[in-house]
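Chemist: Right, I'll just put the structure down here and ask away after.
The values are calculated or read from the model by the stated rules, or taken from the named source; none is laboratory data. Since this is a predicted model, take the numbers as computed values, not measurements. When we count neighbours, we look across all protein chains shown, and the Cβ atoms used for this are built from the backbone with ideal geometry, even at glycine.
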Amino acid sequence: MSEAPAVVFVVDDDPSMRRSLDTLLRSVGLDVRLFSSADEFMRATRPDAPGCIVLDVRLPGMSGLAFQQELAKSGVALPVIFITGHGDVPMTVRAMKAGAAEFLTKPFDNQMLLDAVHAAIGRDRARRREALSLAALQARYQGLTEREKQVMKLVTAGRVNKQIAAELGLSVVTVKVHRGQVMRKMLAKSVAELVRMADRLGPPGAP
């Protein structure tokens, strides 16, 4: 199944800049949503699609940098590309440390912005794929019985069947059965792959 079309959210209080960005981004086939303030963006219903935010640093009400922090608190993981006519080094450093994808100073080259947007969308697509993959892994793990989870924990800790049997008070044959079920349900082709799965699950869902 092909991935959903990307959406670029432009947040800028300058109507002429919004129009210019809208024309530029649509010229390369991107879906664009325009907002004049951070509050307007937060109130809007946004599609569940890969994308990024092109954000002016200076906005009425909440500034772009404060908005970046608010997005993180709200769980909005869209990459942010800052644009500003008044950039300085401390501001750039602060934005990039907070996870901004790019920081462009006006007037910027159109191709530079398009490259930044495509890179940010690629980053968001990768994040979404990883999130879906992890959710599927967590679902498989939750499909294990409590005993199978115990066996998985010991297998991925490096215990052999005899040690697992002794620790859980089971026969070696029973351990082998549970171990086989764990491998089958987790879709693991090897113990090494199962260990990598356990690492990805991490706390609190770690076995």
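Chemist: When only residues in the range 149-188 that are more than 17 Å from Q138 (Cα to Cα) and of a type in the set (K, R) count, which is surrounded by the most Cβ atoms within 10 Å (Cβ to Cβ)?
Modeler: The qualifying residue surrounded by the most Cβ atoms within 10 Å (Cβ to Cβ) is R179.
Chemist: Taking the condition of being among the acidic types (D, E) and either buried (at least 19 other Cβ atoms within 10 Å of the Cβ) or not assigned by TED's automatic domain parsing to the domain that holds T84 (or both), how many residues in the range 4-51 meet it?
Modeler: Residues of the range 4-51 that are among the acidic types (D, E), as a first pass: 12-14, 22, 31, 39-40, 48.
If we keep only those that are either buried (at least 19 other Cβ atoms within 10 Å of the Cβ) or not assigned by TED's automatic domain parsing to the domain that holds T84 (or both) as well, we get 12.
Total meeting the criteria: 1.
Chemist: Among the residues of the range 12-69, count how many are of a type in the set (S, T, Y) and more than 26 Å from the chain's Cα centre (by Cα).
Modeler: Qualifying residue count for the region: 4.
Chemist: Would a scan of the range 113-135 turn up a residue that is polar (S, T, N, Q) and over 30 Å from L21 (Cβ atoms)?
Modeler: So in the range 113-135, the residues polar (S, T, N, Q) come out as 133.
Restricting the remaining residues to those that are over 30 Å from L21 (Cβ atoms) gives 133.
Within the range 113-135, one or more residues are polar (S, T, N, Q) and over 30 Å from L21 (Cβ atoms).
Chemist: Then there is this: Inspect all residues belonging to the range 80-94 and state whether any of them is touching a Lys or Arg at 6+ places or on another chain (Cβ under 8 Å), on the phi < 0 side of the Ramachandran plot and outside any strand (DSSP E or B).
Modeler: In the first step, residues of the range 80-94 are kept if they are touching a Lys or Arg at 6+ places or on another chain (Cβ under 8 Å); the result is 83-86.
Narrowing further to those that are on the phi < 0 side of the Ramachandran plot: 83-86.
Then keep just the ones that are outside any strand (DSSP E or B); that gives 85-86.
Looking for residues that are touching a Lys or Arg at 6+ places or on another chain (Cβ under 8 Å), on the phi < 0 side of the Ramachandran plot and outside any strand (DSSP E or B), one finds at least one in the range 80-94, hence yes.
Chemist: What number goes with the only condition from (1) surrounded by 16 or more Cβ atoms within 10 Å (Cβ to Cβ); (2) among the β-branched types (V, I, T); (3) closer than 23 Å to R127 by Cα that V57 does not pass?
Modeler: Of the numbered conditions (1) surrounded by 16 or more Cβ atoms within 10 Å (Cβ to Cβ); (2) among the β-branched types (V, I, T); (3) closer than 23 Å to R127 by Cα, the odd one out for V57 is (3).
Chemist: Of these, M112, M42, which one is part of a helix (DSSP H, G or I) and farther than 16 Å from V8 by Cβ?
Modeler: Testing whether each residue is part of a helix (DSSP H, G or I) and farther than 16 Å from V8 by Cβ leaves just M42.
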